[in-house]
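S.K.: Take this structure, written in structure tokens, and hold onto it; I'll ask about it next.
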Amino acid sequence: MEIQTIQSKIYEIRGQKVMLDFDLAILYETETKVLKQAVRRNMNRFPPDFMFELSDDDLSNLRSQIVTSKEGWGGRRYKPFAFTEQGVAMLASILNSPKAIEVNIAIVRAFVFIRQYALSHQDLTDKLRKLEARYKRKFKDISAAIQFLLQKDQLATSQQERKRIGFKTENKK
């Protein structure tokens, strides 16, 4: 099982990285109905931080991220379950097939990879913010100096010109 395949099935919903029941069913090579039945029989193993059912708002946001069928004929009749990393790990205990164990190991590795990737990019983000803050201060000083000079020029042109002092020549016409 390739990590990239699994990563493409990890979504961010309600600020959490999750996998949806229909994607997990495909990976486990089972029907979504069978997976959901197994989960419902063992609901005490899935607290809200392990698994939650999508709301109507979640579904509409999800439809904008991925293509899912509309409700009605040929579409989903029930809201999908979203499983966090811990929820996916818990699935291994209720789906006790060799395929489920193999897939769970790959999924946990994908979640770990995403977490490490995010942490490494957090370091870069922090460094960029520090650079931005430092140069923003310098550019503020430069901007203030330019504004001062522009205002000074505007004041000079708005004042009446003084008569020149000194030797004057007559203009020939």
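S.K.: What are the pairs, 6+ residues apart or on separate chains, where a residue within region 8-22 that is farther than 14 Å from Lys79 by Cβ has its Cβ under 8 Å from a residue that is at pLDDT 85 or above and in a loop (DSSP other than H, G, I, E, B)?
M.R.: Here the result reads Gln16/Thr84; Lys17/Thr84; Met19/Lys9, each pair linking region 8-22 to a residue that is at pLDDT 85 or above and in a loop (DSSP other than H, G, I, E, B).
S.K.: I'd like to check something: does region 79-92 contain any residue that is over 24 Å from Val39 (Cβ atoms) and part of a helix (DSSP H, G or I)?
M.R.: no
S.K.: Can I ask one more? As an exercise: evaluate Glu132 against (1) in contact with an Asp or Glu (Cβ under 8 Å, 6 or more places away or on another chain); (2) surrounded by fewer than 20 Cβ atoms within 10 Å (Cβ to Cβ) and give the number of the one condition it does not meet.
M.R.: (1)
S.K.: Scanning for something under 30 Å from Thr32 (Cα atoms), in contact with a helix residue (DSSP H, G or I) (Cβ under 7 Å, 6 or more places away or on another chain) and surrounded by 10 or more Cβ atoms within 10 Å (Cβ to Cβ), does region 112-122 turn up at least one residue?
M.R.: Yes, some residue in region 112-122 is under 30 Å from Thr32 (Cα atoms), in contact with a helix residue (DSSP H, G or I) (Cβ under 7 Å, 6 or more places away or on another chain) and surrounded by 10 or more Cβ atoms within 10 Å (Cβ to Cβ).
S.K.: Further question on the same structure: Select from region 40-62 the residues that are of a type outside the set (Phe, Trp, Tyr), touching a residue at least 12 places away in the same chain (Cβ under 8 Å) and under 13 Å from Ala82 (Cβ atoms) and list them in ascending order.
M.R.: Asp49, Met51, Glu53, Leu54, Ser55, Asp58, Leu59, Asn61, Leu62
The values are calculated or read from the model by the stated rules, or taken from the named source; none is laboratory data. Keep in mind that this is a model prediction, so the values were computed, not measured. Here Cβ is always computed from backbone atoms with ideal geometry, including for glycine, and neighbour counts include all displayed protein chains.
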